[in-house]
Each structure stands twice: as C-alpha cells, then as structure tokens.
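First comes the structure, then the notes that go with it.
Where a number appears in this text, it was derived from the coordinates with a stated rule and is not lab data. The structure displayed is predicted, hence computed values, not measured ones. All Cβ positions, glycine included, derive from the backbone under ideal geometry; neighbour counts span all protein chains shown.
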Amino acid sequence: MKPSGHKMQLRFERIRDTSVLSPFYSGVPTMDKFIHEGLQWCIDYNYCHVYAVLEAEEIVAMVALSYDSLILDSNDKEEMQSSFFPKPDISYGYKDTFWAKANYPALEITYLAVREDKRHQGIGEFIIEAVAQKALEPSQNIGGCQFLTVEAYNQHGYNAVGFYYHCDFVAAELPNPNKETLRMYKLILPAKDLSSDL
C-alpha cells in the first residue's frame, strides 16, 4: 500500500510476526504493552492485518486494520446532511438507498501507533490518507467500504481524539468517563462539491 502524490516516502509492509516490532515504541505504555505482548494473537486468529510503516528500512509506525460495520441513527444522518459536514457525492439513483441503510461497510483502524521520536511529523495523517485511498481502489476486490472507524484512545495522559478530529473523523457516541476509547468514524466516499448546489 503506497499512496501516490505525497511528499512522504513511506511504505507499508504487512507483517505476520510481531517480533519485527520489538525495537518499536510509541511512548504510550498501554499501547506498547499490547504491541509487544498481545498483537501476535490478533494476527494468529485473523482479527486484523498488521502493517509496519517504513521510512527507508526503518519502522516509524504500525497500523492494524479489520473489517467493521457502522451503525448510524437518524441523528447521525441528519448531522451528515447538515451544511457543516462534507456531503457524500451520491448519484441520484443510489441516494435513497444510501440514506435508508441501517449499517454501512467500514474498515476499522484497530491500532495505529507512531514511533515516539517521529510524532508530530504528519505520519499519522499520511497513514489515514493511505488507508482511505486503498479502501476505495477499484482493484481492492475483497469487500466494500464507505467509512473508516476507530476506537480512539481517550485516557488521562494520552488522548488521540483530537488527532482523529483533525483527520475529519466525528464522534459516533458521547464520551463516557468509564470507557477508555471514543468510537469515531470518517466518511471516505468522495465528498460533494457544495459549490455545485448554489
């Protein structure tokens, strides 16, 4: 997976043995513990596919992906159709079908971690853009996808919610002080050019 037309020279390499991540640390203790002690089980039991993100031959990030389904209620759909949300570019014939659906095919960013010394350099945004591009490629023939989803860390000491808002995700639920994550989603269908409605 390698998005075109981007300044960063990063490449994605699927891994099946997490020992290659042994020198990798994000600086988030709970995430690092999981990467080094629990991620291999997710690969072994096909819960997700894991990719090392490399700059030259150096691992600078990792991302794990799995299929998901996004349920949107009437309030979510009203918000999506508001003037504050990028409207999906849906042809007239499919529009009623799209808005009538109870759930939508999605790809979950199950885990995303950038190496501690490489944070704040645009790598996380690059990964999300690359994943969205790959999910929409016509040659991607495994399954349909209209949204990206994530359970964004929302903990004292480390909060990824702001990062995902910056990447155009919206909350799919109200924050819960008893939950360490916030479920969020991002539409990856092409957005309609609002100027065409004027």
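Between residue 94 and residue 159, the contour length at 0.36 nm per residue exceeds the alpha carbon distance by 19.7 nm. For Cα Rg over 2.2 N^0.38 Å, the value computed from the atomic coordinates appears in the list [x] 1.06; [y] 1.16; [z] 1.42 under label [x]. With a cut-off of 20 Å on the backbone N, the residues of region 147-180 near the modelled label site 7 Å out from residue 78 along Cα-Cβ are 170-175. Estimated at 0.36 nm per residue, the fully extended path between residue 67 and residue 140 surpasses their Cα-Cα distance by 24.9 nm. If we count every other residue with Cβ under 10 angstrom of residue 109's Cβ, Lys/Arg +1 and Asp/Glu -1, where does the sum land? After counting each charged neighbour, the total is -2. The GluC sites (Glu not before Pro) of region 28-73 that meet both conditions, a loop assignment by DSSP and at most 15 other Cβ atoms within 10 Å of the site Cβ, are 57. Given a Förster distance of 41 Å, report the FRET efficiency between residue 180 and residue 49 from their Cβ-Cβ distance, rounded to the nearest 0.05. For R0 = 41 Å, the calculated efficiency reads 0.95.
Here the contact order of the chain, divided by its residue count and restricted to Cα pairs under 8 Å and six or more residues apart, works out to 20 percent. From the alpha carbon centroid of region 16-65 to that of region 92-107 is 33 Å.
Sorted on the mean count of surrounding Cβ atoms within 10 Å across their residues, most packed first, peptides 8-20, 118-130 read 118-130, 8-20. Taking the charge dipole of region 7-140 about its Cα centre, with +1 at Lys and Arg Cβ atoms and -1 at Asp and Glu Cβ atoms, the residue from 80, 31, 93 reaching farthest to the positive side is 93. The dipole here belongs to the chain: it is taken about the Cα centre, uses +1 on the Cβ of Lys and Arg and -1 on the Cβ of Asp and Glu, and is about 200 debye.
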